[in-house]
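The values are calculated or read from the model by the stated rules, or taken from the named source; none is laboratory data. Predicted, not measured: the structure shown is a model, and the values here were computed from it. Cβ coordinates were reconstructed from backbone atoms using ideal geometry, including for glycine residues, and neighbour counts include every protein chain displayed. Quick note on the areas: whole protein, heavy atoms, side chains included, nothing else; ligands and nucleic acids left out. Shrake-Rupley method; radii C 1.70, N 1.55, O 1.52, S 1.80 Å.
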Amino acid sequence: MQNRRDFLKHLGLTTAGLGLLPTLAPEADARDKKLFFNISLAEWSLHRTLREGKLVNMDFPAKAKNDFGISAVEYVDQFFKDKAKDQAYLNELKQRTADLGVRNVLIMVDTAGPLADSDDAKRKQGVESHYQWIDAAKFLGCHSIRVNLRGKGTAEEMAKAAVDGLGRLSEYGAKEKIGVIVENHGGYSSDGQWLAGVMRQVNNPYCGTLPDFNNFKVSPTEVYDRYKGTEEMMPFAKGASAKTHDFDAQGNETTLDYPRLLEIVKKGRTKAFKGYVGIEYSGDRLSEDDGIRATKALLERVGQTLS
């Protein structure tokens with residue numbers, strides 16, 4: 001695995017490459033230009049570090065701020081799944097973020113059960129299991145929770161179940177003024193047209209999407225066009241997930257056309273868009289820390305060009 005020093009050397013930014021600074025000056029001057037989005041950090045970017053016990057959820061906001069200069073965070077329920085109703089824990093987390101000047105953006109919920117199951121009882125249980133995370137998100141000052149549409153059946157059967165489950169959960173979210181946003185996360189949810197259809201049927205301003213730039217695998221043999229899918233999801237988007245895996249010598253993501261994707265986000269913004277594009281580094285060649293830094297640099301560079 002390439003370490004940070006090797007990666008920077010690969011980019012030509014070591015001491016030996018200081019002669020490049022004059023050519024980089026115009027780009028550096030452009031940093032004064034305000035981006036059309038805010039950068040947040042998705043906790044999943046550090047999932048290996050968390051699972052190895054080298055970091056705990058309570059310290060995640062401080063790491064985001066102190067190590068990466070990022071003042072907005074997106075939590076993953078897997079890393080504090082027994083704390084949704086732990087008021088003492090939530091009080092401390094809220095106080096820590098306030099002291100740091102870090103904004104709590106959303107909670108990604110993966111463990112609360114299916115919302116698009118064809119079984120009414122299972123779907124109802126899934127909906128109600130999400131309530132605690134809406135309550136926690138409201139307390140922490142988040143704008144939304146991110147959910148998945150899991151279930152079995154044909155596209156039509158799952159759409160019907162999803163409209164019911166997501167619709168009922170969004171009604172609860174609306175009462176608390178918390179968004180319920182769906183990520184393209186495999187299966188039919190990674191079909192942009194299908195997911196947009198579900199959104200139109202739910203027809204609730206507190207129900208929306210979180211386009212992930214790379215999660216468009218509908219089945220083992222079918223991958224939906226990520227650019228088309230992102231465009232289809234943007235009218236309902238309350239944020240976006242900047243997935244990255246690897247970078248070339250110029251700092252570009254090697255599998256995704258970031259200028260094209262961010263242009264889609266810029267053109268597709270509506271009043272519902274909360275302004276946050278979350279870093280979600282998922283590669284394994286760079287360390288998690290260096291992958292986050294590389295993603296942030298990419299977002300800043302492309303974002304400045306488009307702003």
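All told, Asn148 falls short of being modelled with pLDDT of 95 or more and over 23 Å from Phe216 (Cα atoms).
Only a single criterion out of (1) part of a helix (DSSP H, G or I); (2) under 30 Å from Glu156 (Cβ atoms); (3) of a type in the set (D, E, K, R) is not satisfied by Arg301, namely (2). Pairs meeting the criteria (first residue in segment 114-130 and within 20 Å of Asp77 (Cβ to Cβ), second residue modelled with pLDDT under 95 and open to solvent by less than 10 Å² (accessible area, probe 1.4 Å), beta carbons under 6 Å, at least 6 apart or on different chains) are lacking. Within segment 236-295, the residues that satisfy the criterion of being touching a strand residue (DSSP E or B) at 6+ places or on another chain (Cβ under 6 Å), part of a helix (DSSP H, G or I) and over 23 Å from Lys65 (Cα atoms) are Phe236, Val265.
Would you pick out the residues in segment 28-63 that are open to solvent by 60 Å² or more (accessible area, probe 1.4 Å), touching a helix residue (DSSP H, G or I) at 6+ places or on another chain (Cβ under 7 Å) and at pLDDT below 95? Arg31, Lys33 - these are the residues of segment 28-63 that are open to solvent by 60 Å² or more (accessible area, probe 1.4 Å), touching a helix residue (DSSP H, G or I) at 6+ places or on another chain (Cβ under 7 Å) and at pLDDT below 95.
Can you name the residue in segment 125-159 that is of a type in the set (A, V, I, L, M, F, W, C) and in contact with a His (Cβ under 9 Å, 6 or more places away or on another chain) and, of all such residues, is surrounded by the most Cβ atoms within 10 Å (Cβ to Cβ)? So that I can check it myself, show each step before the final result.
Start the filter on segment 125-159 by keeping residues that are of a type in the set (A, V, I, L, M, F, W, C), which leaves 127, 133-134, 136-137, 139-140, 142, 145, 147, 149, 155, 158-159.
When the remaining residues are screened for being in contact with a His (Cβ under 9 Å, 6 or more places away or on another chain), the result is 137, 145, 147, 149.
Working: Ala137: 26, Ile145: 25, Val147: 31, Leu149: 27.
Checking each candidate, the answer is Val147.
Quick one: would you say Glu232 is surrounded by fewer than 23 Cβ atoms within 10 Å (Cβ to Cβ) and either under 28 Å from Val102 (Cα atoms) or acidic (Asp, Glu) (or both)?
no
In a residue-by-residue description of segment 172-185, the property of being in a loop (DSSP other than H, G, I, E, B), over 18 Å from Ala112 (Cα atoms), open to solvent by 30 Å² or more (accessible area, probe 1.4 Å) and in contact with a strand residue (DSSP E or B) (Cβ under 8 Å, 6 or more places away or on another chain) applies to no position.
Here Asn66 passes the criteria (1) open to solvent by 70 Å² or more (accessible area, probe 1.4 Å); (2) in a loop (DSSP other than H, G, I, E, B) except the one numbered (2). Listed by first and then second residue, the pairs linking a residue in segment 85-102 that is free of Cβ contacts under 8 Å to residues at least 60 places away in the same chain to a residue that is among the aromatic types (Phe, Trp, Tyr), with Cβ atoms under 6 Å apart and 6 or more places separating them unless they lie on different chains, are Leu90/Phe139. The residue of segment 73-91 that is surrounded by the fewest Cβ atoms within 10 Å (Cβ to Cβ), among those that are over 19 Å from Val147 (Cα atoms) and of a type in the set (A, V, I, L, M), is Ala88. Of all positions in segment 206-229, none carries a residue that is open to solvent by less than 10 Å² (accessible area, probe 1.4 Å), touching a residue at least 24 places away in the same chain (Cβ under 8 Å), among the hydrophobic types (A, V, I, L, M, F, W, C) and assigned to a helix (DSSP H, G or I). State whether the residues of segment 92-107 include one that is at pLDDT 95 or above, in contact with a strand residue (DSSP E or B) (Cβ under 8 Å, 6 or more places away or on another chain), open to solvent by 40 Å² or more (accessible area, probe 1.4 Å) and part of a helix (DSSP H, G or I). Yes - at least one qualifying residue is present in segment 92-107. Determine whether segment 258-266 contains at least one residue that is within 19 Å of Glu74 (Cβ to Cβ), at pLDDT 95 or above, of a type outside the set (A, V, I, L, M) and open to solvent by 10 Å² or more (accessible area, probe 1.4 Å). Scanning segment 258-266, I find no residue that is within 19 Å of Glu74 (Cβ to Cβ), at pLDDT 95 or above, of a type outside the set (A, V, I, L, M) and open to solvent by 10 Å² or more (accessible area, probe 1.4 Å), so the answer is no.
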